[in-house]
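Structure, as structure tokens:
The values are calculated or read from the model by the stated rules, or taken from the named source; none is laboratory data. Since we're looking at a predicted model, the values are computed, not measured. So basically every Cβ, Gly included, is an ideal-geometry build from the backbone, and we count neighbours across all protein chains shown.
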Amino acid sequence: MFRTFAIGGLAALTLATAGLAQTPPTVKSIEVDVELDAIGNPAAAAYWTTVADDLENAIVARITDQISDDGVDIRIDLEEVSLSGGMTEKLGLAETRLVGDVVMNHETDGARYGRYELTVDINSATPMIPADVDVTTIPADSRVYYDSMIATFADGVVERLK
């Protein structure tokens, strides 16, 4: 009797675990746009020149196994792209940031719709900076900060996929 109960219990546990395993959400397309008036100053314009392409590529790199014709369409409108000087960053004012509206839409499944604003600044991107980099010595407009902010924004989008 114990053997029958144990086998039945194991089968039930296996079925329950299989039910918990979820297929990752799929993505059909990604489009990133930057509003021209979103660029805060000439220094920011030079710094963020390729931000739309870089952000799109960073997201695609994270979801290569989730691309499908039946996935969501992701549209990102970057509303604010700003760059501050090194002194304001050292004071913790975090003026360098990306702010964007993210919309996920699915042609047939309304439950996969989502809309939110995502903000990434130097402070939230710092964990993405390689451990061997001394953040107290690099300027706010360095490639290290740029790459970490793109990575943090891309991670934020991928984490919220439906």
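Name the single residue that is surrounded by the fewest Cβ atoms within 10 Å (Cβ to Cβ) among those in the stretch 109-123 being over 24 Å from Pro42 (Cα atoms) and in contact (Cβ under 8 Å) with a residue 12 or more places away in the chain.
Here the residue is Ala111.
Of everything in the stretch 95-117 that's in a loop (DSSP other than H, G, I, E, B) and closer than 30 Å to Asp141 by Cα, which residue is farthest from the chain's Cα centre (by Cα)?
Glu95
Restricting to the stretch 125-143, what's the tally of residues that are part of a helix (DSSP H, G or I) and buried (at least 17 other Cβ atoms within 10 Å of the Cβ)? Spell out the reasoning first.
Start the filter on the stretch 125-143 by keeping residues that are part of a helix (DSSP H, G or I), which leaves 125-128, 143.
Okay, now just the ones that are also buried (at least 17 other Cβ atoms within 10 Å of the Cβ), so 125, 128.
Result for the stretch 125-143: 2.
Among (1) without any contact (Cβ under 8 Å) to a residue 40 or more places away in the chain; (2) within 14 Å of the chain's Cα centre (by Cα), where does Asp134 come up short?
It fails just one condition, (2).
Taking only the stretch 141-162 into account, find how many residues are over 14 Å from Arg112 (Cα atoms) and either β-branched (Val, Ile, Thr) or at pLDDT below 95 (or both).
The number of residues fulfilling the criteria is 11.
Based on what the data block shows, is Asp33 without any contact (Cβ under 8 Å) to a residue 60 or more places away in the chain, out of contact with any strand residue (DSSP E or B) (no Cβ under 7 Å at 6 or more places or on another chain) and of a type outside the set (Val, Ile, Thr)?
It is false that Asp33 is without any contact (Cβ under 8 Å) to a residue 60 or more places away in the chain, out of contact with any strand residue (DSSP E or B) (no Cβ under 7 Å at 6 or more places or on another chain) and of a type outside the set (Val, Ile, Thr).
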